[in-house]
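The values are calculated or read from the model by the stated rules, or taken from the named source; none is laboratory data. No experiment lies behind these values; they were computed from the predicted model shown. Here the Cβ is made from the backbone with ideal geometry for all residues, glycine too, and neighbour counts use every protein chain on show. The protein model used for the area step is the full one, side chains on, heavy atoms only, and it has no ligands, DNA or RNA in it. Shrake-Rupley method; radii C 1.70, N 1.55, O 1.52, S 1.80 Å.
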Amino acid sequence: MAARLNPYLHFSGTAREAMEFYRSVLGGELDVMTFGDAGGGGDEYPDDGVMHAFLRTADGLELMASDGHDPDATGPDRVSLSLSGDDAPALTRWFEALAEGGKVDVPLEQQVWGDTFGQVTDRYGVRWLVNIGTASA
């Protein structure tokens with residue numbers, strides 16, 4: 001698999017509860033990484049808050065989510081699109097193209113979990129999360 005596109009939901013402290021609900025509805029395996037697992041959320045996020053949750057079902061459905069979002073956000077601020085995979089040239093090209101006329105929120109660079117990650121809001125206000133997996137991932 002070179003790349004995939006997933007919906008990414010943003011919550012303000014209820015990501016685990018929501019993702020467990022979606023797992024009860026859709027089935028599948030739920031993996032959760034907390035801010036504490038990644039070294040701590042500092043003053044901004046609780047260590048037991050969800051940094052990243054990933055639900056994958058036997059039917060091929062995939063859904064991602066995290067905590068640490070503005071509780072007053074609505075509409076497109078509650079959902080992002082996640083492009084991920086191992087095709088670094090294609091994912092980098094897409095990140096750069098999405099940034100044209102938009103805004104880079106997080107530069108595309110290596111992160112604490114080992115992958116290369118960046119976030120961009122495109123010219124239409126849609127947030128894109130781009131994650132390039134490491135060879136060992």
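What the table shows:
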| item | result |
| --- | --- |
| Residue count, the stretch 18-57 (criterion: among the hydrophobic types (A, V, I, L, M, F, W, C), open to solvent by 30 Å² or more (accessible area, probe 1.4 Å) and in contact with a Ser or Thr (Cβ under 8 Å, 6 or more places away or on another chain)) | 2 |
| Lone qualifier among P76, P107 - being at pLDDT 85 or above, surrounded by fewer than 14 Cβ atoms within 10 Å (Cβ to Cβ) and either more than 30 Å from S24 (Cβ to Cβ) or not aliphatic (A, V, I, L, M) (or both) | P107 |
| Single condition D86 does not satisfy, out of (1) open to solvent by less than 70 Å² (accessible area, probe 1.4 Å); (2) more than 20 Å from V32 (Cβ to Cβ); (3) at pLDDT 90 or above | (1) |
| Whichever residue in the stretch 1-17 is among the aliphatic types (A, V, I, L, M) and over 15 Å from the mean Cα position of the chain (by Cα) and, among such residues, is surrounded by the fewest Cβ atoms within 10 Å (Cβ to Cβ) | M1 |
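Yes/no per residue for (1) within 17 Å of S84 (Cα to Cα); (2) assigned to a helix (DSSP H, G or I); (3) modelled with pLDDT of 90 or more:
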site: R16; (1), (2), (3): no, yes, yes
site: E20; (1), (2), (3): no, yes, yes
site: V25; (1), (2), (3): no, yes, no
site: D31; (1), (2), (3): yes, no, yes
site: A38; (1), (2), (3): no, no, no
site: G42; (1), (2), (3): no, no, no
site: Y45; (1), (2), (3): no, no, no
site: H52; (1), (2), (3): yes, no, yes
site: G60; (1), (2), (3): yes, no, no
